[in-house]
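Student: Just dropping this structure here.
The values are calculated or read from the model by the stated rules, or taken from the named source; none is laboratory data. As the structure is a computational prediction, the values presented were derived from the model and not from experiment. Glycine also receives a Cβ, built like all others from the backbone with ideal geometry; neighbour counts cover every protein chain displayed. These accessible areas exclude ligands, DNA and RNA; they are computed on the full protein's heavy atoms, side chains included. Shrake-Rupley method; radii C 1.70, N 1.55, O 1.52, S 1.80 Å.
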Amino acid sequence: MAEFLRNWIINITVIIIFIMLLETIIPSSSMKRYINVIVGLMIIVVVIKPFVLVKDYAEDFHLKFLETSGYIEQSGAAADSERIVEFQQKMAVEVFENNLKRLIERIIDENIDSEYGELSINLWLEKDFESKDFGRIKSVEVIINNNSGEVIEVDKIKIAVNEGAEANKNVINKDKVEYNLNNSRIRSDIRDEISKALGISESIVSVEVRQ
Amino acid sequence: MDIMKIVMTGIIAALLAVVLREEKPETAFAVSLVTGLVIFVFVITKLNSVMTVFKHFAAKANIDILYFSTILKVIAIAYITEFGAQICRDAGEGAIAAKVEFAGKVLIMVIAIPILAALMDIMIKIIP
């Protein structure tokens, strides 16, 4: 008991001397009010500490403090390293997923010469860390929305032979099938490429072109 | 003597700034900014050793380091905010200075929140 009282008195004395010293170096601005609030809180904490100890709440106090500060600093929980590890793993999966999506996007860009509308890529990965196949790609779904909405017919093309390349820049030198977003061609091409690039079976890759 | 160095730096910079303000106000601002930074860094290194001694004493007196670090953080935020706000005010940007001060206040409050939360928790538990 004597030891506890001694500690308590030392705590209060040192904190108050320290705060007194700090008072002199606090910048004299509107900040002072806010600093005083916190200093006041500190003194309350130091003074009520024995009551807290009697009720055996000291651990609770620290836990609550760490929990709140961890929450505020958005690190999840500073006291709980397990949760931080979990958070990091989640981040790693997210990065992995984004990289895969970017890779698929590049493949599609390389395979479709004409313009296309919105592209949506859905990936299903094994996200369970406990699982043996953690990180395995379960299935890939690619949906390409055709912007134009209609098939462009390229039949009669007038070429101004004598005008040179500048006048002919709008001329499309491709077959109709090749120029338009063709569902079946894209399906097979992109599917092939994706399965080759990711090293997965073609059966779990689905490619769809929506008009 | 350190204080002589700092005062001389301040006076020379002030003279320079006064002369330059007529010709090139933006350079005058740069001079005051750099001077402020130099003095700030110089003093911060001194303060660092003082803080080390304080921490040593805190450990010796068996005081919770939590209280110390919180108070020190608050003081540091107050000083840095004040420094930034004054530089902004020097440049004639009172509005930005006010925003900087506002940010400082919010950050100080954020530091206070864990203490407040813990205190509230204890209070609620103590009262049956």
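Student: Compare the peptides B:19-27, B:112-120 by average per-residue count of other Cβ atoms within 10 angstrom and give them in order, highest first. List each step's numbers first, then the result.
Tutor: Values: B:19-27: 12.2, B:112-120: 18.8.
Highest-to-lowest ranking by the protection proxy: B:112-120, B:19-27.
Student: Sticking with this structure for a sec: Let me confirm one metric for peptide B:96-109, namely the mean number of other chain beta-carbon atoms within 10 Å of its residues' beta-carbons. Walk me through the numbers before you get to the answer.
Tutor: Working: counts 0, 0, 1, 0, 0, 3, 1, 0, 4, 5, 1, 1, 6, 3.
So the per-residue partner count for this stretch is 2.
Student: Next up: By the scheme Lys and Arg +1, Asp and Glu -1, what is the net charge of all other residues having a beta-carbon under 13 Å from that of A:Trp124? Please list the in-between numbers first.
Tutor: Working: positive: A:Lys101, A:Lys127, A:Arg136, A:Lys138; negative: A:Glu97, A:Glu126, A:Asp128, A:Asp133, A:Glu141.
So the environment of A:Trp124 carries a net charge of -1.
Student: Of A:Lys49/B:Lys55; B:Lys5/B:Lys60; A:Lys64/A:Lys138; A:Lys64/A:Lys132; A:Lys127/A:Lys196; A:Lys64/A:Lys101, which ones are farther than 32 Å apart at the Cα?
Tutor: On the way: A:Lys49/B:Lys55 21 Å; B:Lys5/B:Lys60 35 Å; A:Lys64/A:Lys138 41 Å; A:Lys64/A:Lys132 36 Å; A:Lys127/A:Lys196 22 Å; A:Lys64/A:Lys101 40 Å.
Those over the limit are B:Lys5/B:Lys60; A:Lys64/A:Lys138; A:Lys64/A:Lys132; A:Lys64/A:Lys101.
Student: I've got another one for you. Step through the table entries A:Lys90/B:Lys73; B:Lys46/B:Lys105; A:Lys32/B:Lys46; B:Lys105/B:Lys125, compare each Cα-Cα distance with 27 Å, and write down the pairs that go over it. Please list the in-between numbers first.
Tutor: Details: A:Lys90/B:Lys73 31 Å; B:Lys46/B:Lys105 25 Å; A:Lys32/B:Lys46 23 Å; B:Lys105/B:Lys125 30 Å.
Checking Cα-Cα distances, A:Lys90/B:Lys73; B:Lys105/B:Lys125 exceed 27 Å.
Student: Taking the Cβ of A:Ile137 as the centre, find all other residues whose Cβ is under 10 Å away and add up their charges (Lys, Arg: +1; Asp, Glu: -1). Mind showing how you got there, number by number?
Tutor: Details: positive: A:Arg136, A:Lys138; negative: A:Glu97, A:Glu126, A:Asp133.
Result for the neighbourhood of A:Ile137: -1.
Student: Just grab the label-to-label distance for B:Thr9 and A:Ser139, each label 7 Å out from Cα along the Cβ direction, in nm (one decimal).
Tutor: 6.7 nm
Student: Something else: Grab the Cα-Cα distance for B:Leu37 and B:Met120, subtract it from 0.36 nm times how many residues apart they are, and report the gain in nm with one decimal.
Tutor: On the way: separation 83, 0.36 × 83 = 29.88 nm, distance 4.02 nm.
Contour length minus the Cα-Cα distance gives 25.9 nm.
Student: Here is a further query. Hey, what's the Cα Rg ratio for region B:1-91 versus the globular rule of thumb, 2.2 N^0.38 Å? Working shown, then result.
Tutor: Working: Rg = 17.4 Å, N = 91, 2.2 N^0.38 = 12.2 Å.
Taking N as the residue count of region B:1-91, the ratio is 1.43.
Student: Can you pull the accessible area of A:Ser188 for me, 1.4 Å probe, Å² to the nearest 10?
Tutor: Result for A:Ser188: roughly 60 Å² accessible.
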